[in-house]
Every structure is written in C-alpha cells, then in structure tokens.
Amino acid sequence: MKKLFLLLMLMFSMGLWAQNEDNRRVVCLETDSGVVRIALYNETPRHRDNFLKLVGEGFYDGVLFHRVINRFMVQSGDSLSRHAAPGQELGDGFYEAYQLPSEFRFPQLFHKRGAVAAAREGDDVNPERQSSMCQFYIVTGHRYSPNALDDVEERVSQATKEIFRFPPEVREVYQQVGGAPHLDTQYTVFGEVIEGMDVVNRIQLAETDKNDRPLVDIRIRRAFVE
C-alpha cells in the first residue's frame, strides 16, 4: 500500500495524473471493442492540434487497428486501412500528405502504460524523427526490472548517440506500472488514456497474422472531441 501511495504521488507531481481540471482536450474513440478516452497534452501543441483537426474531419472514423503486439502497443490511423483486403499489409508505407516535427518532452512525457504517441518512419529515411501526420499507437507494454532498465538506457544511448538515463521517478513508474521505455526520446508522446485501458487490453490480445494485423478487423467506428 505504501509503494502504491508513493507511486501515485510521483505521477501526480509529474503532471501525469489524468484529470480534466488541467484544460486538456479529450478525444473519445468508439471502437469495436469498447470506448477509449484520450487526454491530449498541451505540452505538445503541434501534435495536439493536428490530432484534434483530424478527429474533427472524421479522418479516424472506420480505420483499423492495423498493428497489434501483445505487451507492447496497439496502432491505428492508416487511412488505407478503411477498405483494406483481408491479410493486406498496412502501416509501413506512410503515404500521408505531411509529417510533423518531433515534440520530445522527456522526462516529463514518456512511454508509460497508456501513453499515446505518434508513429513514424525509421531513422534511415527519417533522421529527424518526424511524426506521421495520422498514425498513432497506445502503449500497453510491461513492467521492467532495474537491470532491464539499465539495459534499455544503454540501447537508447546507442540509438541516439547521446548519454541517456531515466530519472528515478520515471524508473519507478516503469517498474511499478510498465510501458515501453526503449521508445523514449525517439517517438513523440502526445497524450494518455484516461479511460478504457481494459478495452486496449482486449485489443492487444487479438490473434494476428505475420504482419501483426488482427485476423478479425478491429475498427475505430467513430472518433470525436468531447
């Protein structure tokens, strides 16, 4: 009980505790598996405003969760997925009209369980690590031991060519709550799930093909700003 209390206090002090009093905009995703509510971070205004714009235009209505990996994340937002044939590979082309400059806000914003972040093309073709205009993922992840986090620090340091370390409070969250720490400082986190992680959990358990696409389509039926 004491550890849980301390963890909740850490999350609150870092501004990660979800609450509507901080004037965050909230987007509701009505999916085939249930409702997911997402609070968007004001600390990443480009990604926030772009997501709100696309939601307002109905862009996400009917798109699939086209990439699902258990204990890692669920991904959506590929416009080609609305009318995709069964088994069609999705998500890797990034045929969208534009990209967004990254808005890394680590350690304030990081890939904890429930984080919402922008997908992107790989470093070989996207060295500036710009975000896809529309594809996003929700982190499910898993808990990490202290030794595993040490290993992640070294991996991220090699990937970014800079010395990378997790602050103690971030390490605590990854140990107690979980997430995907190896993505920090490389993909833009711009929101978090404030309701419906049980729905996200159901989605991540879907049976998938060799491309991580669910064998039975799972769609965002409708997305709207609350």
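The values are calculated or read from the model by the stated rules, or taken from the named source; none is laboratory data. Just so we're clear, the structure is a prediction, and the values are computed from it rather than from any experiment. Backbone-built Cβ (ideal geometry, glycine too); neighbour counts: all protein chains shown. Surface accessibility is based on the protein's heavy atoms, side chains included, excluding ligands, DNA and RNA. Shrake-Rupley method; radii C 1.70, N 1.55, O 1.52, S 1.80 Å.
Observations, loosely collected:
- Within the set VAL193, VAL216, VAL173, VAL125, the sole residue that is within 14 Å of the chain's Cα centre (by Cα) and β-branched (Val, Ile, Thr) turns out to be VAL193.
- Within the stretch 26-83, the set of residues being in contact with a helix residue (DSSP H, G or I) (Cβ under 6 Å, 6 or more places away or on another chain) and of a type in the set (Gly, Ala, Ser) comprises SER33, GLY34, GLY62.
- Here the stretch 93-106 is the region considered, the condition is being over 15 Å from VAL63 (Cα atoms) and surrounded by 14 or more Cβ atoms within 10 Å (Cβ to Cβ), and the residue that is modelled with the lowest pLDDT is GLN99.
- For the stretch 21-48, taking the residues that are within 15 Å of SER131 (Cβ to Cβ) and of a type outside the set (Phe, Trp, Tyr), the one that is most open to solvent (accessible area, probe 1.4 Å) is identified as ARG46.
- The residue that is surrounded by the most Cβ atoms within 10 Å (Cβ to Cβ), counting only those in the stretch 49-59 that are under 19 Å from TYR187 (Cβ atoms) and either touching a residue at least 60 places away in the same chain (Cβ under 8 Å) or among the polar types (S, T, N, Q) (or both), is PHE51.
- When residues of the stretch 1-52 are limited to those that are of a type in the set (Gly, Ala, Ser) and at pLDDT below 50, the one farthest from the chain's Cα centre (by Cα): SER13
- Counting the residues of the stretch 36-61 that are within 19 Å of ASP22 (Cβ to Cβ) and either of a type in the set (S, T, N, Q) or part of a loop (DSSP other than H, G, I, E, B) (or both) gives 4.
- Hey, ARG155 touching an Asp or Glu at 6+ places or on another chain (Cβ under 6 Å), touching a residue at least 12 places away in the same chain (Cβ under 8 Å) and more than 16 Å from ALA117 (Cβ to Cβ) or not: no
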